[in-house]
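The block underneath contains the structure these notes are about, expressed in structure tokens.
The values are calculated or read from the model by the stated rules, or taken from the named source; none is laboratory data. As the structure is a computational prediction, the values presented were derived from the model and not from experiment. Neighbour counts are summed over all protein chains in view; Cβ atoms, including those assigned to glycine, are modelled from backbone coordinates with ideal geometry.
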Amino acid sequence: MRPTNYHLFDFLDFDTELSKDESLWKAYSPTNVYEKDGDIYIDIPFQKQLLSNDMMSDLDTVQEHHTLIIRQYASNITRLFLSFEGEEVCDKSEMLQFSNRINKLSLKAIKVNEGWKIETHDGVRRAIINTKEPLLDHWSDLLPDPQPTLDLCIYPDGNREIRLAAHDHFSPPRYDALPLAFCKLNNHKERATLSFECKPDECFAGTGERFAKMDLSGQSFFLKNQDGQGVNNRRTYKNIPFYISSRLYGAFYHTCAYSKLSLASHSTRSVQFLNDQPQVDVFLIAGNTIEEIQRGYRDLTGYPSMPPLWSFGVWMSRMTYFSADEVSEICERMRKEHYPCDVIHLDTGWFETDWLCEWKFNKERFPDPKGFIKKLKDNGYRVSLWQLPYVAEKAEQIDEARANDYIAPLTKVQDSEGSNFSTLDYAGTIDFTYPEATEWYKGLLKRLLDMGVVCIKTDFGENIHMDAKYKNMPPELLNNLYSLLYQKAAYEITKEVTGDGIVWARSAWAGCQRYPLHWGGDSCSSWDGLAGSLKGGLHFGLSGFAFWSHDVPGFHTLPNFMNSVVADDVYMRWTQFGVFSSHIRYHGTNKREPWHYPAIAPLIKKWWKLRYMLLPYIIKQSQKAVTSGYPLLRALLFHHPTDKVCWHIDDEYYFGDDFLVAPIMNSENKRDIYLPEGKWVNFFTGETFEGERYYKDVTVPLEEMPVYVRKGATIAIYPHSVECTDEMDLTTSIDIQINGEFKGIWKL
């Protein structure tokens, strides 16, 4: 039977049965601290640990010494960097895009009685290193530990303390978390871990599009992008190595390697991060508000750009339209029946063979694509196209792609189906680490954009062929980063040709917020699909992203994936959610046009018109989002970080500064609603409510939605009925005052 070992090994993915080959090395108190080029260098000894419940130092093994670097940026960001393989700290990577607010501040180290004090030259405290010897007691002979552990406190803004988990143990050798450590396998350094203290009531949010409760404490996550296959499980398309704490700090782990993050899970006293690289590189960001923290993250990794006006209108799609005639008929009907709409999206069926992506229109079903696109544009419609970043075995481009290494060559023989990558038959992944391959891919898109296409759906990208050799990066490091390289290429060529920087993307990693916009993937057309989508969107908005959408009214159906009927109330309630989202797109495995739901079609049209009425407000909030730390959809904790209730609410949100939205997610047309502090006015009835309290079993008819506006707010609206944004002149927008005279939006 395998012996019981301390559960820290579980977090470290440590196999104690390999004890002769695998070893754990723990950081101890520094031997030297000094300043170099404005950074602080800390010489840290690491000692191999005995692999038992009592992880005492293996004194027969010579210590290794490695250098931890502390660097200070601006007034509230501190960086900790240590490479166990001697790599230099660097401010350049695909994930980093420093703003002009990121200025390095020089640090100095001051020796004090029991350690060192680290300050900027203005005298502001930035770190404390404690080297005090532990008190000896009668256990010391039984549990010897020859030297104190690494004890380091960071103060990114000079005020908030973020302490490494120096003393998360039962007794000194029995650790639940280590402040800093690395693992060796066959004498090769392979993983590194870093841990911070957390408080008993501390809450966490972010980490990407997380389909989970708002407070993530008590959970561990494997940060590996993969096809989520829904929005109700642990898999996710968008992992972001960044979290926000209720203690008002954020941590961005600058890595693209597979990682594990425990938020008070493996130990309730610690946040633990495990990197599948022998390196730790973390930026700690402090702030007085959540917005300040998120703005600091965007200062490091880049700000979103402003999507074009037309993108904020209604997008119509399904999986899929198969011909120009079918699309034209649908577009003409929407205009004839006065459903305002701006974008028509062609999904998998515009190729010669459905799903066989060759970046070319079917010649029979789309005989004149350029003329087809122009005709739609003349009628106020833009065209968006689906594709993906893999080349199929039977694709027209396969020989060219292989001959020029545009797809990464596989390192082992495929099976007879041609792919060990997924259920889809794709021969290879486009190698965006290779500049020539990137330019080739841009050329494929340019031909489509030159025809008048305005947006590329950069679908997939969560997975790559792991048994392939990429030009400039091993697949284990590329897998997470791939989304960024893929979306950057599509975004850049789209902006170059059309002038509008936009993609419609599913996967993401740190930095992808620079290339909007992203949607929530393949949700089920059900109440749990709606609830899971909103959870994902709120955490995504706490992970650096300003713009996010979802498939209305969900992507697939149950029990039949393609053909089960979407319930009218699900379609209606999801439409309402879409109206109060940064972008609204209808899509799914069967028909999504509103006339296929005749009982509610008039209501759908009314809500689409409301969407266009709200565009001046949405544009104003979007412009604010691209220059700040705000997303469009904001968890309540964004504005109320000290309200403990808000850290547990994942079914309501702020829409911009002034709207509070509480979607109905059941067929009973009722729900409990929490209104935070202040006075709130029902957007549909004009009734005023007091905040900082719950309202139980609120019944809301299908034609309305629980939407509240801050009392005293001014909301910009567009007072004219339009068929698309081409007809809008935003200078004619008007302001409405949310005061005692406001009786509801339908009564204006």
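Quick notes
- Qualifying position, being touching an Asp or Glu at 6+ places or on another chain (Cβ under 6 Å), surrounded by fewer than 24 Cβ atoms within 10 Å (Cβ to Cβ) and either assigned to a loop (DSSP other than H, G, I, E, B) or of a type outside the set (Asp, Glu) (or both), among 491, 470: 470
- Restricted to segment 664-674, and to residues there that are in a loop (DSSP other than H, G, I, E, B) and not β-branched (Val, Ile, Thr), the residue that is surrounded by the fewest Cβ atoms within 10 Å (Cβ to Cβ) is 668.
- Helices (runs of 4 or more DSSP H) within segment 563-633 that include 3 or more residues free of Cβ contacts under 8 Å to residues at least 60 places away in the same chain: 568-579, 601-613
- Any hit, segment 625-642, residues being surrounded by fewer than 21 Cβ atoms within 10 Å (Cβ to Cβ) and closer than 21 Å to residue 717 by Cα: yes
- If the condition is being surrounded by fewer than 24 Cβ atoms within 10 Å (Cβ to Cβ) and either free of Cβ contacts under 8 Å to residues at least 24 places away in the same chain or among the β-branched types (Val, Ile, Thr) (or both), then segment 527-557 contributes only 557.
- Scan segment 386-408 for residues that are over 18 Å from residue 355 (Cα atoms) and of a type outside the set (Phe, Trp, Tyr) and the total you get is 9.
- Residue match in segment 529-537 (condition: polar (S, T, N, Q) and part of a helix (DSSP H, G or I)): yes
- When segment 47-67 is filtered for residues that are under 35 Å from the mean Cα position of the chain (by Cα) and surrounded by fewer than 20 Cβ atoms within 10 Å (Cβ to Cβ), only 67 remains.
- Hey, residue 213 farther than 30 Å from residue 344 by Cα, in contact (Cβ under 8 Å) with a residue 60 or more places away in the chain, of a type in the set (Lys, Arg) and outside any loop (DSSP other than H, G, I, E, B) or not: no
- For segment 664-681, the set of residues classified as among the β-branched types (Val, Ile, Thr), out of contact with any Lys or Arg (no Cβ under 7 Å at 6 or more places or on another chain) and touching a residue at least 40 places away in the same chain (Cβ under 8 Å) is empty.
- For segment 289-321, a residue qualifies if it is assigned by TED's automatic domain parsing to the domain that holds residue 578, in contact with a helix residue (DSSP H, G or I) (Cβ under 6 Å, 6 or more places away or on another chain) and not hydrophobic (A, V, I, L, M, F, W, C), and the qualifying residues are 313, 320, 321.
- Residues being assigned to a strand (DSSP E or B) and without any contact (Cβ under 8 Å) to a residue 12 or more places away in the chain - total across segment 708-738: 0
- Subset tally (residues that are surrounded by 23 or more Cβ atoms within 10 Å (Cβ to Cβ) and either among the hydroxyl-bearing types (Ser, Thr, Tyr) or under 21 Å from the mean Cα position of the chain (by Cα) (or both)) for segment 585-594: 2
- Filtered residues of segment 650-663 (kept if touching a strand residue (DSSP E or B) at 6+ places or on another chain (Cβ under 6 Å), in a loop (DSSP other than H, G, I, E, B) and either free of Cβ contacts under 8 Å to residues at least 40 places away in the same chain or buried (at least 21 other Cβ atoms within 10 Å of the Cβ) (or both)): 662
- Some residue of segment 553-568 being over 19 Å from residue 334 (Cβ atoms) and among the hydroxyl-bearing types (Ser, Thr, Tyr): yes
- If you check 195, 220 for being modelled with pLDDT of 95 or more, assigned to a strand (DSSP E or B) and under 22 Å from residue 477 (Cβ atoms), only one passes: 220.
- Selection count, segment 423-466, where residues are in a strand (DSSP E or B), out of contact with any helix residue (DSSP H, G or I) (no Cβ under 6 Å at 6 or more places or on another chain) and closer than 27 Å to residue 372 by Cβ: 2
- Helices (runs of 4 or more DSSP H) (entirely within segment 322-409) containing at least 2 residues that are at pLDDT 95 or above and outside the structural domain of residue 596 (by TED's automatic domain parsing): 398-403
- Output for segment 167-186, where each listed residue is touching a residue at least 12 places away in the same chain (Cβ under 8 Å), of a type outside the set (Asp, Glu), farther than 21 Å from residue 286 by Cα and assigned to a loop (DSSP other than H, G, I, E, B): 167, 171, 172, 173, 174, 177, 178, 186
- Some residue of segment 21-30 being within 28 Å of residue 170 (Cα to Cα) and modelled with pLDDT under 90: yes
- Of all the listed residues (87, 17), the sole one being modelled with pLDDT under 95, under 21 Å from residue 189 (Cβ atoms) and part of a loop (DSSP other than H, G, I, E, B) is 87.
- The one condition in (1) crowded, with 21+ Cβ neighbours inside 10 Å; (2) of a type in the set (Lys, Arg); (3) free of Cβ contacts under 8 Å to residues at least 40 places away in the same chain that residue 336 fails to fulfil: (1)
- Residues in segment 90-121 that are farther than 23 Å from residue 255 by Cβ, at pLDDT 95 or above and either acidic (Asp, Glu) or outside the structural domain of residue 37 (by TED's automatic domain parsing) (or both): 119 alone.
- Within segment 27-41, considering residues that are within 33 Å of the chain's Cα centre (by Cα) and buried (at least 21 other Cβ atoms within 10 Å of the Cβ), the one farthest from residue 103 (Cα to Cα): 27
- Every condition in (1) out of contact with any Leu (no Cβ under 6 Å at 6 or more places or on another chain); (2) part of a helix (DSSP H, G or I) holds for residue 554 except the one numbered (2).
- Applying the criterion of being closer than 28 Å to residue 608 by Cβ and of a type in the set (Lys, Arg) to the residues of segment 318-365, the residue that is farthest from the chain's Cα centre (by Cα) is 336.
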